[in-house]
1. Looking at the stretch A:117-146, which of the residues that are among the β-branched types (V, I, T) and touching a residue at least 60 places away in the same chain (Cβ under 8 Å) is nearest to A:K63 (Cα to Cα)?
2. Those residues that are within 9 Å of another protein chain (Cβ to nearest Cβ) and not in a helix (DSSP H, G or I), I need them from the stretch B:511-562; list them, please.
3. Here are A:M298, A:M314: which of them is surrounded by 21 or more Cβ atoms within 10 Å (Cβ to Cβ), under 22 Å from the mean Cα position of the chain (by Cα), more than 9 Å from chain B (Cβ to nearest Cβ) and closer than 30 Å to A:D386 by Cβ?
4. Any idea how many residues of the stretch B:322-351 are over 25 Å from the mean Cα position of the chain (by Cα) and closer than 15 Å to B:N480 by Cα?
5. Return a yes/no flag: does the stretch B:517-531 have any residue that is surrounded by fewer than 24 Cβ atoms within 10 Å (Cβ to Cβ), of a type in the set (G, A, S) and on the phi > 0 side of the Ramachandran plot.
6. All but one of (1) within 23 Å of B:H517 (Cα to Cα); (2) at pLDDT 95 or above hold for B:T418; state the number of the condition that does not hold.
7. For the stretch A:403-437, name all the residues that are hydrophobic (A, V, I, L, M, F, W, C), within 24 Å of A:Q30 (Cβ to Cβ) and part of a helix (DSSP H, G or I).
There are 2 protein chains.
Amino acid sequence: MKAKHFHPDWTEKAPAPGSFRSIFKYGDAQGFKHPSDNWYEMMKTEFHLSDDDFRKKQEEGNKQVILNRPGTLTSSQIEQIKSIAGDQNVALDDYSRVKYAYGKTTEEMLELRQGIVREVADVVVHPRDKFDVRKIVEYCNAERIPITVFSAGSSVNFGCRPARGGVSLVVSTHMNKLLDVNEQNQTARVGPGMFGPAYEKALNSAPELFHTSRRYTCGHFPQSFEYSTVGGWVVTLGSGQASTYYGDACDIVFSQEYVTPAGTFKTLDFPATATGPKVNDILKGSEGTFGILVEVTMKIFRYMPENRRRFSFMFPTWEAAVNASREIMQSEFGKPAIYRISDPEETDRGLKLYGMPGIVDTFLALRGFLPMQRCLCLGNVEGDRDYTKLVKRKLTRIARLNGAISLGAYAATKWEKTRYTEPYMREDLGDYGILIDTLEVGVTWDNLHRLHEGVRAYIKSRPDTMCMTHASHFYPQGTNLYFIFIAQMTDTAEYREFQKGIIDNIQKFGGSLSHHHGVGRMIGPWMEAHLGKEQMAVLRALKKHFDPNHIMNPGGQLGLDDVS
Amino acid sequence: MKAKHFHPDWTEKAPAPGSFRSIFKYGDAQGFKHPSDNWYEMMKTEFHLSDDDFRKKQEEGNKQVILNRPGTLTSSQIEQIKSIAGDQNVALDDYSRVKYAYGKTTEEMLELRQGIVREVADVVVHPRDKFDVRKIVEYCNAERIPITVFSAGSSVNFGCRPARGGVSLVVSTHMNKLLDVNEQNQTARVGPGMFGPAYEKALNSAPELFHTSRRYTCGHFPQSFEYSTVGGWVVTLGSGQASTYYGDACDIVFSQEYVTPAGTFKTLDFPATATGPKVNDILKGSEGTFGILVEVTMKIFRYMPENRRRFSFMFPTWEAAVNASREIMQSEFGKPAIYRISDPEETDRGLKLYGMPGIVDTFLALRGFLPMQRCLCLGNVEGDRDYTKLVKRKLTRIARLNGAISLGAYAATKWEKTRYTEPYMREDLGDYGILIDTLEVGVTWDNLHRLHEGVRAYIKSRPDTMCMTHASHFYPQGTNLYFIFIAQMTDTAEYREFQKGIIDNIQKFGGSLSHHHGVGRMIGPWMEAHLGKEQMAVLRALKKHFDPNHIMNPGGQLGLDDVS
C-alpha cells in the first residue's frame, strides 16, 4: 500500500472481555469513531509525524486484568454484605474490583494501558433497591467500612475511585428505572442509575408507559449522555448541551432522596419554599461524600422536536462572537437550547474535523473570515413553535449585527450527528501515543478574554500542542470555557505535571475549577485555595454531620480529606 | 351627619413621634390608604356591625413608649461597642430598643396597641460598614452577646425580635448604598440595608450614576418593596410580584459576602460552577442565624418599561383559572412577569375593593361569570418588545380556550396603582377592632385544590371570617397560595390560636410552611415536623458550624432553638 493512501489501522474490534482495554474504552464495546483523513493529516503535521509512526500501536491494554491483591474485609463482613444484597449481587473477582473503581480520566487510561492499577474496592455490591442501600450504609457505618458509589463510571476526575477500599456500590445495575411520571407537576421520579437514553426514551414514551396525554423530554444531554446516569448528573452538578435553555442539572432537580450515615430522608416536593436554607440544594454536588442519592425527582419538559430550529454562523473574530453571545443572553427575548461558539483554533480544526468542503473555506476567506480569526457558532432553539421562530429570528439579527454570516442549519446538523461520539476518538489517538483531554471552567463575561488568553497561552507554551476552546453553556452573567488539548504524550508523570499547570493557570486567571465535570479527587487539592478556608470549612462541617465516620467516598473527594 | 353619609374617621395623621403607633404603623408615617366605601359597607354586613361601631377607635397605641427595663450589658461592654461603631451609632434609649425589635406581624400590632412590649435588645447599633460588623461580631462572639439583625423591619414572623437581648444590629442606616454596577456581567453589588425604591431608582439611573450604556431594573418587587431591603429579600427567600419571569430572590442572587462567628467570606462570582455544594445557596434563607449579609451581588435586568404589556381576564371558575395557568406555565413560549389569579371570594371582594363599575358586574353575570364562581386573572409581560407581544398573545389564547373573557388592561392597571399600598389599610381596620392577616404557602399543581379547600375550610369554619386567596408566583411545577383572612378580633390569645390552627392545616394539607415570607420565630415551632428531623439536623449542623456560641439571631429563629 502506498503511503499516499495509508490509513492507520484504527481499532474496530471490541476489547477482549476481561482486558484492561475493556475497562478504559469509552462507551459501547462495539462503538468506534475514527479521526477523519483530514484530522490524521493534521496530526502528522502538528506533531511532526509520518505514516510510519502510525504503523505500530503502543500499549493497547489488551492484557487480562489480574490484581493479586487480597481484600481487607473479613469473611464475616463479606457474608453480612451478601446477606443484605443477595449473593448474586456481590462480586469479589479481580475484574469487577478494577472495573468498578475506574472512571474515564486520561490518567486512568494511560495507566491501565500499562496494566497499572490504583486503589480498588474490596468488594463490589449491586444493591437491588434503596432499602438495600440503607442496610448497607448502616452496616458499613457500624463497621467503619468505606463506601464509594459507582453509577456509570463516566467520571473524569477519579470520582468513583475507592481510595480507601471497602465497598464499590454500583447503583446502575438495578436502581435504574423510571418510577413515576407526574404529568400535572411535570416531574419524573427516577432511580439514580438510569442511563440517559433509557430515561429519555421512557419520557418520550410516557403516553404508552404512564398513560400521560403528552410526550416529555429530560432536557439534559451532556456529551456523555449515552454513558452517564441521572444520579451522576445531579451529584456532580453536570450541564447538558442544551443547558442554556433547560438549565443545568442543579436547576432541573425537583427533590431528592438520600441515604446517609446520619439518616435517610427525602427533600420536599415544592416548586418554591421559604423555609430556611434548602437541604435539596445542599446535597447537589456532594459527589457521594454526604450520602447516596437513591431516588431523584426531576423536572421534565414537553417533547416538541418538531419545533426545533437550527442555526449556524461564522463570526469574523472571537471578540465578535463573544459580544454577540452576551447580547443574545441578556436581551430577554428567550434563549436558544444548544448554543456554542468555538475559538479560532477550534473553528479551524473543527472545519477539518467536520469536513467542511474546501469551496466553503475559500468562500469564507474571500469574504474576510480568515483562518485563526473566524469563529463558528451553532445551536438550536427548542420550545413552543412560535417561540422558537422568534428566538431564532432575534438571535440571527444580533449575530449579523456583529458581523456574522449565516451558514444555515449546516454546521448545527453536522455537529448533532457526532455530538455523543467524539470521546470514541480518544482510544484511537491513544493507540499511537497521542493524548486528548479537556478541562472546563465557569467564567463571567468580564473575565472571559483574560481567562481564555491566560490558560490558552499556558497550553500553547508547550511545543506542538493543540488547544481548542469553546463556550457551550450560556447565562446572562457569563458562560463556560471548555479547553481541549491534544498532544503527543504517553508519560503519565509528564501528563500530570502538564495538567496541574493548566489547573494552576485556571485558578490564576480566575476561572471556576469546574463548570460541569465536578471535582472528584483530581481537583480536590485546589479546592481550599479556590473557595477559601471559610467556605471549605462549611463543606467540612456538612461532611462531619452526614458522615462522622468518614465512610462515604473518602480519600480526597471534593478536597474533603478525611481525618483518619 | 346622617348615617347614610357616615364615614369612619380614618386616621389621616402621622403617629406622634415616640408613640407605640409610630412603631407598628406600616410604611410612611404620612402614608394612608383607607378602605373604600364599598369595603366599609361590606365589613359592616359581614361582621354585623353598624356605623356606631365605627364611631370610636379602640387601642390606637398613641401612648409614648416607656420601657423601664434596664439592659443587661455592662457599661464596659457598651463602651467597647461604642468604640467600635462610634458613639453616634449606638443607642440605648427606650424607643430605639423597642423600634428595632419589632416587625409587622399582626400579633405585634395587637400587643403594641396595648403597650405590651416583648423582648428587646439591650443596645441598638448602626454599623457604618462591613468592617464595623466584623468587629462587632468578633467582640460579641468573644463576650457571648446575642446579635439580632434588623434591616427594614418588615418581617411578618418575628424575624427581627431580639429574643435573647444583646445587640440589635441595624444594617439599613448606613449600609444601604448601591456600590457598583457591572454592565458586562449585568450584576449590581449592593449594601444589604438598601431599600427597594432607592435600589431600583439607582439601577434605572445607572447611565448617570455608573456611566453604563443602558438602564437596569432589579426585577424584584414584593408588596413590601417600598419598606423592605435587598438584604432582607435574600436572607428570607422573598419573592417579588414579578417573580414568575424574573425569579425569586434566591434566583437573582449572584454572590454574597457574610460576616459570621466562623469567619468572613464572599462567595465566588461565577454564572455556574461544579465545585461541590454551593455555599452561596446554603446561606440563602439563613435569616441571620448563620451570620450577617454585609454585601450582596445581584443579577440585574435591562429596564424596558416601554415593552410592558398588561392583561386581565375573567375565568368562569377557579378550576378553569388554575388549568389555564398551568398550561401557560408549561407551554414553553416564555413567561409573564406579573401573573395572578384570585379565587372566587377574593375576586368578588376585589371587585368591590377596586370599584369595578356595576355595569361590568351585570355584564359579567349575564355572560355566565357568576359571583362566588368567577375568578380574576391579571398581570403583565416584560422583556424584549417582540417577546412581550408573543407571550401576551399566547397566554391570551390559552385563557380563552379555558373559557375566559379578556378585560383588557383594566384590572391590571387598577391593581398596579395599589400594589404597594394595601398594607396601609391594616391600621384603619385595627382602629375598629378588625384584623387582616395573611399566610402563604408553596404547592405543586397536583395538590393545589386539596390545599386550597382544606385551609379555606378551616378559616371559614370560624363564623364571620373572610378568606380571600390568590396565587401570584408561578412555576412549571406549581405555584403559591396566599391566604388573606379578615375578622373582627382584638384578643391576642384568640388570634394566636386561630393562626396556629391555620398553620396546622397548611401542614396537614401539604403546603410548604412559607412561600416567600421566611420562617422567623413564628413558624419555627412547625419546622421540624415539616422538614423531618434529618433535614432539621442539617440546618442545626450548619448553625453549630457558623455560630457555635449561639449569638446570631438566637431564640427560635428558623426553629433552631439554642442549646443554652
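1. Only one residue fits best here, namely A:I145.
2. B:G511, B:S512, B:L513, B:S514, B:H515, B:H516, B:H517, B:G518, B:V519, B:I523, B:G532, B:L560
3. It is A:M298.
4. 1
5. no
6. The single condition B:T418 does not satisfy is (2).
7. Of everything in the stretch A:403-437, those that are hydrophobic (A, V, I, L, M, F, W, C), within 24 Å of A:Q30 (Cβ to Cβ) and part of a helix (DSSP H, G or I) turn out to be A:W415, A:M425, A:L429.
Quick grid of which residues meet (1) touching a helix residue (DSSP H, G or I) at 6+ places or on another chain (Cβ under 8 Å); (2) among the charged types (D, E, K, R); (3) in contact (Cβ under 8 Å) with a residue 12 or more places away in the chain:
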| site | (1), (2), (3) |
| --- | --- |
| B:I84 | yes, no, yes |
| B:Q88 | no, no, no |
| B:D93 | no, yes, no |
| B:L110 | yes, no, yes |
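The values are calculated or read from the model by the stated rules, or taken from the named source; none is laboratory data. Since this is a predicted model, take the numbers as computed values, not measurements. For neighbour counting, all protein chains shown are included, and Cβ atoms are generated from backbone atoms with ideal geometry for every residue, glycine included.
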